[in-house]
Amino acid sequence: MRHARAKGEPRFPDGPKADPAGSHFERRIRSFQPRRSRVTTGQADALQRLWPLWGLDIDGQRVIDLGELFGNGRPVVLEIGFGMGEATAQMAAADPETNILAVDVHTPGQGNLLGLAERNGLSNIRVGNGDAIILLREMLAPDSLAGLRVYFPDPWPKKRHHKRRLIQPEFLTLAATRLAPGAVLHCATDWEPYAEQMLEVLTAHPDFENTVPGGGFAPRPAHRPLTRFEGQGLDKGHVVNDLLFRRVQHGDRHQEQPPTG
């Protein structure tokens, strides 16, 4: 018989919190939209059993030790927004020497990724629940990330919602402080106007340089799997653009030499 939850009782007592940061931080404009959808029995089981082992509630109350979180000293890549986690699991399996801290607010996806990690023996995945901005700003040490992945973020297509888009100059400035020099920020989107905006703000940002000689979009690198969603879009004629920008240390950028006279 299905247990009826009392008012205020957590959905998954040992799983992710509904609002981990609570009211500790100002309510800024959100770049994500929490989606309510049904959690399957398998996802609920994974959340209940595996969250205490591999889950991280983003409460903004402490700086986390990534070596302690993963139990090793391997490089850590942050992935913001992973959907149902299939691509994340594929990337973790293909590169076991890299740890992936995957962050989302979608509970079914969190449960699905935990289940995939367990079934495939992927010890290099940790699942973060909450606002990635709070994670970056409050909980990660400077230069602690070996990479940052933002695949198919919400494009917020209406003009009045463009301010909600994640890839903005302020976000890039924050991300640059947590990325080690030389680390790569990898974005991908199938929304061409957003791709153009990403290219514009990344090209203009002093802390990043394009890995593509001469600038522009990059070919999809082999390490980013082609997802089912992306394949369906390509079949419909959608254009997917990848952007790979490297975090530069000031003084590394090629600058024009001042004229000598």
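Where a number appears in this text, it was derived from the coordinates with a stated rule and is not lab data. Computed from a predicted structure; not experimentally measured. Glycine also receives a Cβ, built like all others from the backbone with ideal geometry; neighbour counts cover every protein chain displayed.
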Identify all aspartates and glutamates with a Cα-Cα distance to Lys158 below 16 Å; exclude those on the same chain that are fewer than 8 residues away in sequence.
Asp190, Glu192, Glu196
Tell me the label-point distance for the pair Thr98, Asn72, using the 7 Å Cα-to-Cβ offset, in nm and rounded to one decimal.
1.4
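Arrange the peptides 237-250, 82-95 so that the one whose residues have, on average, the most other Cβ atoms within 10 Å appears first. Spell out each step's value before the answer.
Details: 237-250: 16.7, 82-95: 20.4.
Averaged packing, sorted descending, gives the order 82-95, 237-250.
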Most positive-pole-ward Cα, Gly215, Pro155, Gly111, against dipole of the stretch 41-247 from beta carbon charges:
Pro155
J(HN,Hα) series, the stretch 118-135, from Karplus relation 6.51 cos²θ - 1.76 cosθ + 1.60, nearest Hz, glycine and proline x:
5, 5, 9, x, 9, 7, 9, 10, 10, 10, x, 10, x, 8, 5, 5, 5, 4
Virtual spin-label span in nm between Asp19 and Thr41, 7 Å along Cα→Cβ
3.3
With label points built 7 Å along Cα→Cβ from the Cα atoms of Lys236 and Ala141, find their separation and express it in nm.
4.5
Return the FRET efficiency for the residue pair Glu170, Ser123: r is the Cβ-Cβ distance, R0 is 35 Å, and the value is rounded to the nearest 0.05.
0.50
Rg/Rh of the stretch 41-247 (Cα atoms, Kirkwood Rh), to two decimals, equals 0.95
So, in Å, what gap is there between the alpha-carbon centers of the stretch 110-144 and the stretch 184-213?
24
What residues qualify as long-range amide H neighbours of Ala218, i.e. H under 5 Å apart, gap of 5 or more or another chain, H built at 1.01 Å from N?
Asp242, Leu243, Leu244
